[in-house]
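First the structure, in the form of structure tokens, and then the observations on it.
Every number in this text was worked out from the coordinates using simple rules, so none of it is lab data. What you see is a predicted model, and the numbers here were worked out from it, not measured in a lab. Methodologically, a virtual Cβ is constructed for each residue, glycine included, from the backbone with ideal geometry; neighbour enumeration extends over all protein chains shown.
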Amino acid sequence: MSAPAPPPRFAPDRDPALRTEGGEVAALARALGKPFMPHQQLIADIAGERLPDGGYKYRHVVVTLPRQSGKTTMLGPVQLHRLITKPGYRAFFTAQTGVKAKSRFMDLVTLIRESPLASYFGVRLAQGSESINVGNGSSLRLFPPAEDALHGETPHLVTLDEIWAHSEVKGHQLMGAIGPAQSTLGAEAQVWMVSTMGTADSGMLNEWIERGRAGEPGVAYFDWSLAPGLDPYDRRNWSFHPALGHTVTLDALAAEARAQPPGTWERAYMNRMTAARESLVDPLVLAGLADPSISGSRSETVLAYDVAADRSCAAVIAAWKLPGDVIALRTVHSAPGVSWLAPTITRLAETWQPIAITADDGGPTRAVTDDLTRDGLTIEQLGLRELATGTDALLDRIATGTLAYDGSAAITDGLARAATQPAGDGRRLSRKHSAGPIPGPIAAVAAMWTLTHRPTLSKATYR
């Protein structure tokens, strides 16, 4: 099988002025009988960039990949190349647990033993002293994911697998041990962190994702994942998977989609962060409020919009009143990216003539609001107090059954991912602490608040 390389959602640019170990690592992978796939080559090329003084450009390498993307066949050649080319090199490896680390280690041992290079490496399997050794004094050793496990060691390379399983506290403990252990090595030291996406509780991974996406110097962040707003069960959306067409087929992924629980499928195979472990709303209660046929008069609606914290997607939600003190919500549009949002709002203002258009006055949404107001649109901007009141109102209406909505993914999936944070004496939906983008719920809160708290709001005239 062969296929074009899907681009990563995030990755640093290759610096052509710097030499890289990527070519040598790829040659070793071929010798081991596992030629690199394009995404593996890209990671090796960029993470292996060397500065003029010989040190690595990137101290920390963070890679998020979906399951079945060839982690072992990428990490193995990287680690073994260091052992072969650097006498006295010390590499260490661990995973989410000591048991998982041993399992991954044995995968690498099998790769070596089944290759033509088996005689170049010595393997020790005694419990507690597992290692792969080279005649030049270099070694790769296991260590348990404990804060004191590297005490007394000087590790040139530390690889942490599946860090999604670690909390923020655990992550700080591990990095607090690794940093001092590498302190005398300068730019020759590296830490690789490789993982599928996690949950809202995956504090260590989530922190490094944030640092990587922010472009922190010395951090190389790579991410292949399903873009926000796309259906994880639509085969047409699986082309992002970097091993598809190489070692994985569409039919194999489809079989996994049928076999896996929804949360596991989305996290492990679509490489998306999944919901906080305790959902804000009961999914069965929410499902009972869904009515795809729900509709209302456009001129009697309030429209609201919101942009995800990372600008990966946005949503437009309509709210209107039904008899019996019921509020109706419908997703007007939800899609990846942000460039479509302002033109869409402008068009809806002209064609719908809604009661009002509203938005949260915060985060990346504010930039869209600024563009719209410069163009002459009237936008009702809500602050933290209104969003806190609106958050409680939305959750109360779901619990009491005084809400109806269209069953759209923008609202359903957004609420499944949503978390809150304190706001005065109340709480509000939190972009930062949620398990993924939540523009649908935030727009729903804004639309509901404006509809219910400003009953005398004079209808705006939109061109």
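7 Å from Cα along Cα→Cβ at both E168 and A31: what's the point-to-point distance in nm?
That separation, rounded to one decimal, is 4.5 nm.
How big is the Kirkwood radius of segment 320-387, worked out from every pair of different alpha carbons and given in Å to one decimal?
13.5 Å is the Kirkwood radius here.
Give the shape of segment 245-367 as rounded, prolate or oblate, defined through the alpha-carbon gyration tensor: a ≥ b ≥ c are the square roots of its eigenvalues, a/c under 1.5 means rounded, and otherwise the shape is prolate if a/b is larger than b/c and oblate if not.
prolate
I want the antiparallel fraction of DSSP beta bridges within the chain, as a percent rounded to 5.
Once the DSSP bridges in the chain are tallied, antiparallel ones form about 45 percent.
Quick one: dipole size for segment 336-460, taken about the Cα centre, charges +1 on Lys/Arg Cβ and -1 on Asp/Glu Cβ, in debye to the nearest 20.
160 debye
Find how much the distance from N136 to D396 grows on full extension, using 0.36 nm per residue of separation minus their present alpha carbon separation; answer in nm with one decimal.
86.9 nm
Assuming a ≥ b ≥ c are the square roots of the Cα gyration tensor eigenvalues, decide whether segment 196-294 counts as rounded (a/c under 1.5), prolate (otherwise, with a/b larger than b/c) or oblate.
It is oblate, given that a/c is not under 1.5 and a/b is not larger than b/c.
Hull surface divided by four, with the convex hull built on the Cα atoms of segment 283-453: how many nm²?
Spelled out: convex hull of the Cα atoms, projected over all directions, averaged, 8.9 nm².
If you take the beta carbon distance between E147 and S103 as r and set R0 to 25 Å, what does 1/(1 + (r/R0)^6) give as a FRET efficiency, to the nearest 0.05?
0.70
Where both residues lie in segment 19-269, what percent of DSSP beta bridges are antiparallel, nearest 5?
Antiparallel: roughly 25 percent of the beta bridges in segment 19-269.
In nm, give the distance between the simple-model label positions of Q421 and T378, each being 7 Å from the Cα along the Cα-to-Cβ direction.
Result for the modelled spin labels: 3.2 nm.
Go through S139, A189, I46 and say which Cα lies farthest out towards the positive end of the charge dipole of the chain; charges sit on Cβ, +1 for Lys and Arg, -1 for Asp and Glu.
S139
In degrees between 0 and 90, to the nearest 10, how far off the longest principal axis of the chain does helix 384-400 point, with axes built from Cα atoms?
Tilt relative to the chain: about 80 degrees.
Which angle between 0 and 90 degrees, to the nearest 10, do you get for helix 341-352 versus the longest principal axis of the chain when only C-alpha atoms count?
Long axis of 341-352 versus the principal axis of the chain: about 20 degrees.
How far is it, in nm, from the label point at Y120 to the one at W340 when both lie 7 Å from their Cα along the line to the Cβ?
4.9 nm
Can you count the Lys pairs in the chain with C-alpha separation below 24 Å, eight or more apart or on different chains?
14
About the Cα centre of the chain, how large is the charge dipole given +1 on each Lys and Arg Cβ and -1 on each Asp and Glu Cβ? Please answer in debye to the nearest 20.
Rounded to the nearest 20 debye, it is 720 debye.
For segment 239-343, run through the GluC sites (Glu not before Pro) and keep only the ones in DSSP coil with at most 10 other Cβ atoms within 10 Å of their Cβ.
E278
Take the chain, drop everything but the C-alpha atoms, weight them equally and run the Debye formula without solvent; then report log10 I(q)/I(0) at 0.12 Å⁻¹ to two decimals.
With no solvent term, the Cα-only Debye profile gives -1.01.
Between C313 and residues 5 or more places away or on another chain, which pairs have amide H atoms under 5 Å apart, with H built 1.01 Å from N, and which residues are they?
Distant-sequence amide H within range of C313: A308, G337.
With a 10 Å Cβ neighbour count serving as the proxy for reagent exposure, in which order, fewest first, do Y405, Y233, Y269, Y305 appear?
By the 10 Å Cβ count, ascending, the order reads Y233, Y269, Y405, Y305.
Could you state the angle between the C-alpha long axis of helix 439-453 and the longest principal axis of the C-alpha atoms of the chain, as a value from 0 to 90 degrees rounded to the nearest 10?
20 degrees
Among L372, G407, A435, whose Cα projects farthest towards the positive end of the dipole of segment 283-453, with charges put on the beta-carbon of Lys, Arg (+1) and Asp, Glu (-1)?
Value computed over the given set: A435.
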